[in-house]
Structures are given as structure tokens and as C-alpha cells.
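The values are calculated or read from the model by the stated rules, or taken from the named source; none is laboratory data. For clarity, every value in this text was computed on a predicted model and none was experimentally measured. Cβ placement follows ideal geometry from the backbone for every residue including glycine, while neighbour counts extend to all protein chains displayed. Remember, those area values only see protein heavy atoms, side chains included, never the ligands or the DNA or RNA. Shrake-Rupley method; radii C 1.70, N 1.55, O 1.52, S 1.80 Å.
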Amino acid sequence: CIRDSYDYRLTLEDVRVTAAHWMESNLPSGAVVAIERFGPPVSPERFVLVEPYAMVDYDLDWYREQDVEYFAFGAILYRRTIENAELYPERIQAYQEFLQSLELVQVFDGPYVGWPDYQVTVYRWLEP
């Protein structure tokens with residue numbers, strides 16, 4: 001079926017771009033946003049960007065010190081970690097602890113450079 005083909009998926013808007021458009025329309029200008037590698041390509045003119053390779057490379061206190069308000073995750077790093085759980089037990093625990101402190105704001109599902117099922121998630125701090 002043509003809709004399942006790699007070539008067809010390349011014609012669709014990258015889900016990271018969809019997420020970036022939503023963020024630029026819905027998050028306040030000047031917000032401090034942490035974006036994990038392979039996350040949405042948002043404008044550094046609109047947001048203050050903090051760009052770790054993996055979100056769990058730093059602890060939550062470090063993000064508080066950077067005044068981060070929002071977090072954008074791409075599925076690649078987290079998915080690789082989960083799919084290889086026996087290799088990354090500490091990293092899985094770090095992601096779980098990290099996500100327990102955050103509130104899900106928005107989820108975007110769609111293609112990413114030919115992958116049929118990529119996901120971008122946007123979070124913010126849980127209300128105290």
C-alpha cells in the first residue's frame with residue numbers, strides 16, 4: 001500500500017515540525033524550554049533554549065537553576081533506552097523519576113524522516 005511506503009512518509013510533515021509550530025503558537029514568548037536531542041526545531045528568537053543531548057543528562061535541580069519552564073522530548077532517546085532496558089537500568093530509572101515531576105501538556109504523533117511512528121511530548125513542571 002502506498003500509504004505505508006517509506007517514500008510516501010517522506011512527503012508528510014515531520015512531527016517535530018508540527019510540534020514546533022504548536023509550541024510557537026501556544027507557549028509564551030521568552031519561555032525557557034529544554035529540548036532533548038531530536039526534538040522539535042523551535043526558534044531561538046522566540047524561546048530561551050536549553051539543549052541537552054538527553055534530558056536525563058542533568059538532574060531536575062539543574063533545570064530549575066536554568067529556569068526551565070517547559071520540556072520537549074523526542075522519542076528516539078527514550079525509546080532506545082526502554083527497548084534496551086537490560087543495558088540502561090539507571091537511565092530508565094532517571095527518566096521515570098524525571099517524568100514524575102512533570103505534567104504532560106501535549107503529545108504529537110506522526111512521521112519523522114520516514115519513521116512512521118515517532119512521538120514528541122511537551123511537559124511543564126507539576127504545580128506545587
Extreme residue, farthest from ASP67 (Cα to Cα), among residues of region 1-56 that are open to solvent by 90 Å² or more (accessible area, probe 1.4 Å), at pLDDT below 90 and out of contact with any strand residue (DSSP E or B) (no Cβ under 8 Å at 6 or more places or on another chain)
CYS1
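For LEU104, state whether it is farther than 14 Å from PHE38 by Cβ, modelled with pLDDT of 90 or more and either part of a helix (DSSP H, G or I) or touching an Asp or Glu at 6+ places or on another chain (Cβ under 7 Å) (or both). Full working, then the answer.
Details: farther than 14 Å from PHE38 by Cβ: yes; modelled with pLDDT of 90 or more: yes; either part of a helix (DSSP H, G or I) or touching an Asp or Glu at 6+ places or on another chain (Cβ under 7 Å) (or both): no.
No.
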Just for region 76-92: of the residues that are open to solvent by 70 Å² or more (accessible area, probe 1.4 Å) and closer than 13 Å to MET55 by Cα, which one is modelled with the lowest pLDDT?
TYR78
